[in-house]
There are 2 protein chains.
Amino acid sequence: MSILADVARIAGVSKSTASRALSGRGYVSEDTRRKVEQAAAELGYVVSTAAASLVTGRTRNVGVVIPYINRWYFGEVLEGIEASLIQAGYDLTLYRLSSDAELRRRVFDYFLVRKRVDAVISVAIALSPHEVHMLQALGKPLVGIGGLIPGIPSLSIDDVETARLATEHLISLGHRRIMHVGGDQHEQMDFRVHSQRYIGFERALREAGITVDDDFRDAEFSIQGGYAAGLAVLGDPRTRPTAIFAGCDEIAIGIMVAARQLGISIPNELSVIGIDGHPLAETFGLTTLVQHPGDQGARAVELLLGQIDATADGPPKEHLVLPTTLTVRSSTAVRREAPVAQA
Amino acid sequence: MSILADVARIAGVSKSTASRALSGRGYVSEDTRRKVEQAAAELGYVVSTAAASLVTGRTRNVGVVIPYINRWYFGEVLEGIEASLIQAGYDLTLYRLSSDAELRRRVFDYFLVRKRVDAVISVAIALSPHEVHMLQALGKPLVGIGGLIPGIPSLSIDDVETARLATEHLISLGHRRIMHVGGDQHEQMDFRVHSQRYIGFERALREAGITVDDDFRDAEFSIQGGYAAGLAVLGDPRTRPTAIFAGCDEIAIGIMVAARQLGISIPNELSVIGIDGHPLAETFGLTTLVQHPGDQGARAVELLLGQIDATADGPPKEHLVLPTTLTVRSSTAVRREAPVAQA
DNA sequence: GCCACATCGGGAACCGGTTCCAGGAAGCAC
DNA sequence: GTGCTTCCTGGAACCGGTTCCCGATGTGGC
């Protein structure tokens, strides 16, 4: 374990010159820079981040709070964030926040507050004003993904509009008896994504002058969740919808599996549309509105690094809305007249 | 931002006493401890980890290197590690290693070497002797999950034996024309898991005196991968196996989806078995050998913390073998005589 | 009453960098 | 030549804790 003083000695310069040479700040002649770099390489020198950040106050480390790791959307976002941070020479410290309030408090009060991280990315977590304020008071930039937090820059798709488009697609195919299978709207964690999508769904129906009662069923955001909901919703031919807008692709796929098992033909007897662009959507021929979570992660890092480099309180607290694109596959089709349903 | 000196002043003691009171090391009377703690609470004081680790040399931070985030097994392991580390007051710094050799070099030479982490957990990554040596030279404990690295403690299931058991299950049901759909055995990343499972598969066949040619097909470790391989393998009735041992549950499920699409009935015409205990296995009625990746992550942390606390080079460099249990569902059944196959 | 020992608190060195400041050398215009 | 700016370097203070060492006090045994 060599230290800067060793490098300086070997290179025949002072500590301060060695520091300047290696960090690239301040004046150093090309000649001495080479000497210092060579000495450093020779000794296998690496800076002590602890010492450096003690004096500079910056850690080159970003904290990420995220509710799930093992769900497609979140995994993708995380991968995108990680790749971008490494690229920029930053470390990523991961905090998974479950619904455990005590854990959450600890993460904020203990982990994030210590001068461990320069900034925080919050993925699909509805931060409380108190939490936001705390981080801002510490001067730590904050970027949100997957929903908007008042006062901080964030980026996400437009959940209302995306849901509306998905539903509209079904309506344009002639469907009237449409159901939405999505997440529990009262779940706090997930940034109100669920309720936003429900609102978009309702809006599309309203615009088309369609009234349905019993138009919603909640499901866990997974294939299993979709499967269970599908079995429940599709079981009775008399009440069965002709089309389902699923809250995400995983739910949609679960519904397709359930339909297949119940002998319901897709898209002849049932159309299904999702949101995400999950890799399985292609395998299952699922029509979906595609988003790119990995890119969202990368963009969030960009925004964040911009804020870190900005000489404090400069840049706009913007909210970036990302586009989604409709990819039509074989899970949606024009409604056949009176498939089975007849009350 | 209050510092220790402020706390000491408010409490009316010296810096050293304040430090002892807060860290719990050394003699401090109960009375002064209370005073210091109260002062700290009042000021909202939190230690600067940078300053602390500069002098102690410990960061309370563990690095995790992992090849994937968005695959079930890896996500589960990561969740297990994260939960245990937080519990123990440690941070988790995440490094995703893709097949990019340059990235890998950077992570090891630059990120892990800086005194950022106290220890490293390597998930399913076959570390080179050089990499192991480097970390050990730095005195950083190292634990492996999902395969064994010579000289360092690690834990994993017995891939050979698990694969043998899975195959044996198929054989015991009367199957003879058995195929293994698994990962590419030459892939470096994945810790030779693939080749180990193939070896177990072959061993079971050999023990039963079965010879099959064309008994292997490689697939990506995902539902899509299994689906693609399934279509290819099951297309021709003349060469179709009566049972498939899949390298993991996701592949198995992909095969089941493909079979259903091809009109092949499971388990009447085809038995499928996997490895993992993926939550979807239950949904799909998949027979599988269950492992618990989350627990593996937790155990790895235990091992690691044990090593950190040990007064250097103490504990055994053990390799922990974890059990897997066979869960029989409806995807495997006794072989029906001459289903379709007849060359 | 004295000594040994445990308990408690303060002073100061130290961890390993970064940066401010001062000062010297060199280049250029006048 | 002088005065100014620009380039380069070294000395020293400093970031915010931890810990070693030493002295003071209290306590119990003989």
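Have a look at A:Gly147, A:Gly75, A:Gly226 and tell me which one the Gaussian network model of chain A (Cα, springs below 10 Å) gives the largest fluctuation.
It is A:Gly75.
For segment A:69-118, what does the alpha-carbon gyration tensor say about shape, rounded, prolate or oblate, given a ≥ b ≥ c as the root eigenvalues, a/c under 1.5 as rounded, and a/b over b/c as prolate?
Since a/c reaches 1.5 but b/c is at least a/b, the shape of segment A:69-118 is classed as oblate.
Determine ³J(HN,Hα), in whole Hz, for all residues of segment B:70-80 in sequence, where each value follows from phi through the Karplus function 6.51 cos²θ - 1.76 cosθ + 1.60 and θ = phi - 60°; x replaces Gly and Pro.
Using θ = phi - 60°, the values come out as 9, 10, 3, 3, 5, x, 5, 4, 4, 4, x Hz.
What base-10 log of the normalised intensity I(q)/I(0) is obtained for segment B:1-124 from the Debye formula, alpha carbons as equal point scatterers, at q = 0.14, 0.20 Å⁻¹?
Values returned for q = 0.14, 0.20 Å⁻¹ are -0.73, -1.04.
Is it possible to state the helix-based mean residue ellipticity at 222 nm for chain A, with each DSSP H run of 4+ residues giving -39500 (n - 2.57), the sum divided by total residues, to the nearest 500 deg cm²/dmol? What is it?
It comes out at -13000 deg cm²/dmol, rounded to the nearest 500.
When a/c is below 1.5 the answer is rounded, else prolate if a/b is larger than b/c, else oblate, so apply that to chain A with a ≥ b ≥ c taken from the square roots of the Cα gyration tensor eigenvalues.
Prolate, because a/c is 1.5 or more and a/b exceeds b/c.
Using a probe radius of 1.4 Å on heavy atoms only, what accessible surface per residue do you get for the protein assembly as shown? Whole Å² is fine.
42
Report, in listed order, any pair from A:Lys115/B:Lys15; A:Lys35/A:Lys115; B:Lys35/B:Lys115; A:Lys15/B:Lys115; A:Lys35/A:Lys140 with a Cα-Cα distance greater than 29 Å.
With Cα atoms farther than 29 Å apart: A:Lys35/A:Lys115; B:Lys35/B:Lys115; A:Lys35/A:Lys140.
Sorted by accessible area (1.4 Å probe), largest first, how do B:Asp100, A:Asp31, B:Asp214, A:Asp276 line up?
Listed by decreasing accessible area, they come as B:Asp214, A:Asp31, B:Asp100, A:Asp276.
Can you pull the one-decimal nm distance between simple spin-label points at A:Ala41 and A:Asp214, each 7 Å off the Cα toward Cβ?
Taking the simple label geometry, A:Ala41 and A:Asp214 are separated by 7.5 nm.
Would you rank A:Lys115, B:Lys15, B:Lys140 by solvent-accessible area, highest first, keeping every protein chain in place and using a 1.4 Å probe?
Per-residue accessible area, sorted high to low, gives B:Lys15, A:Lys115, B:Lys140.
Percent of accessible area on segment A:159-291 owned by carbon and sulfur, 1.4 Å probe?
Using a 1.4 Å probe with all protein chains present, segment A:159-291 comes out at 45 percent carbon and sulfur.
For helix A:223-234, what angle does its Cα long axis make with the longest principal axis of chain A, in degrees from 0 to 90 and rounded to 10?
Around 20 degrees separate the two axes.
Taking every residue in A:86-97, how many Cβ atoms of other protein chains lie within 10 Å of its Cβ, on average?
5
Please report, to one decimal in angstroms, the Kirkwood hydrodynamic radius of the protein assembly as shown built from all distinct Cα-Cα pairs.
Final number for the Kirkwood radius of the protein assembly as shown is 27.8 Å.
Under the rule a/c < 1.5 gives rounded, and otherwise a/b versus b/c splits prolate from oblate, where does segment B:159-291 land using the Cα gyration tensor?
In terms of gyration-tensor shape, rounded.
Name the long-range amide H neighbours of A:Leu155: under 5 Å, sequence gap of 5 or more, or other chain; modelled H, no Pro or chain starts.
A:Gly144, A:Ile145, A:Gly146, A:Gly147, A:Leu320
Roughly how far apart, in whole Å, are the Cα centres of segment A:213-291 and segment B:130-209?
Result: 37 Å between the Cα centres.
In Å, what Kirkwood hydrodynamic radius results for segment B:4-47 from the alpha-carbon pair distances?
Evaluated over segment B:4-47, this radius sits at 9.8 Å.
Around B:Pro267, what is the net charge, scoring Lys/Arg as +1 and Asp/Glu as -1 over all other residues with Cβ under 10 Å from its Cβ?
+2
The values are calculated or read from the model by the stated rules, or taken from the named source; none is laboratory data. What you are looking at is a predicted structure, and each value in this text was computed from that prediction instead of being measured. In this analysis, Cβ positions are derived from the backbone assuming ideal geometry, glycine residues included, and neighbour counts consider all displayed protein chains. Accessible surface is based on the protein model in full, side chains and every heavy atom, while ligands, DNA and RNA are left aside. Shrake-Rupley method; radii C 1.70, N 1.55, O 1.52, S 1.80 Å.
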